[in-house]
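Report on one structure; see the data block that follows.
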Amino acid sequence: MRKTISQWNLNFGRTIGLTVPPVSWTEHAVAEFGERPQAILNGQIVEEADLAVALFRDRLGTPTGEVESDTSKEIKLLVKAGKPVAVLMSAAPRLPLMGNGLQDRQRLEAYLEELGRRRWFSSTPTEETSSAT
C-alpha cells in the first residue's frame with residue numbers, strides 16, 4: 001500500500017499540488033492513558049484525517065461490544081464528520097476459507113452489504129473481467 005501511495009504522489013501529487021501521506025497507528029500514534037486504546041487513536045489520527053481509505057480482504061476486525069469493529073467505528077466517525085471515505089475490498093484470488101476465517105469473512109460481507117445500502121459503491125474490474133472486454 002505504501003508503494004502505491006508513493007507512486008500516486010509521484011504521478012499526480014505534483015500536478016495537482018497535493019501529497020497524500022500514508023498514516024498508520026504503528027507509526028503515528030503516541031502512548032496515552034485514561035481511555036480505551038481505540039478512543040486514543042481516534043483522537044490522535046482519525047479525527048485529524050482529511051480523508052480515509054479502508055482496505056479489506058477477509059476480516060472486518062474484532063467486535064468491541066460497542067460496534068462491529070474499531071475499523072467500522074473509524075469509518076462512521078469520518079462519515080459523520082463529512083470527510084471522504086473510500087472502502088475497498090480486495091478481489092485478489094484466495095484459498096477457500098473455513099472455520100473462524102469463514103465466519104470473519106461472512107461478518108465482513110454482511111457489514112459491507114449494510115454499508116452499501118446507505119452509501120454509493122463502485123467496483124473495479126479484476127484482471128479477468130477487464131481482459132474479457
If we keep just the residues of region 39-97 that are β-branched (Val, Ile, Thr) and touching a helix residue (DSSP H, G or I) at 6+ places or on another chain (Cβ under 7 Å), which is farthest from GLU109 (Cα to Cα)?
ILE45
Would you confirm whether any residue within region 64-80 is over 15 Å from the mean Cα position of the chain (by Cα), at pLDDT 90 or above and either farther than 25 Å from THR4 by Cβ or not assigned by TED's automatic domain parsing to the domain that holds ASN9 (or both)?
yes
Selection within region 48-80 - outside any loop (DSSP other than H, G, I, E, B) and among the basic types (Lys, Arg):
LYS73, LYS76, LYS80
May I ask you to list pairs of residues, at least six apart or on different chains, whose Cβ atoms are under 6 Å apart, with the first in region 36-61 being within 16 Å of ALA86 (Cα to Cα) and the second being crowded, with 17+ Cβ neighbours inside 10 Å and among the polar types (S, T, N, Q)?
LEU60/SER69
Taking LEU112 as meeting all but one of (1) of a type in the set (A, V, I, L, M, F, W, C); (2) at pLDDT 90 or above; (3) under 11 Å from the mean Cα position of the chain (by Cα), write down the number of the exception.
(3)
I want to confirm something. Restricting to region 13-46 and keeping residues that are exposed (fewer than 12 other Cβ atoms within 10 Å of the Cβ), within 22 Å of VAL79 (Cα to Cα) and not assigned by TED's automatic domain parsing to the domain that holds THR71, which single residue is farthest from the chain's Cα centre (by Cα)?
LEU18
Within region 81-109, how many residues are polar (S, T, N, Q) and within 16 Å of the chain's Cα centre (by Cα)?
1
Failed condition for LEU88, given (1) buried (at least 17 other Cβ atoms within 10 Å of the Cβ); (2) in contact (Cβ under 8 Å) with a residue 24 or more places away in the chain, with all others met?
(1)
Region 115-133, residues that are modelled with pLDDT of 80 or more and either over 23 Å from GLU74 (Cα atoms) or not assigned by TED's automatic domain parsing to the domain that holds LYS76 (or both)
none
Taking the condition part of a helix (DSSP H, G or I) and either closer than 26 Å to PRO37 by Cα or outside the structural domain of ILE40 (by TED's automatic domain parsing) (or both), does LYS83 pass?
no
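The values are calculated or read from the model by the stated rules, or taken from the named source; none is laboratory data. All values reported here derive from a predicted model rather than from experimental measurement. Because the Cβ atoms are built from the backbone with ideal geometry, glycine has one as well, and the counts that use them run over all protein chains shown.
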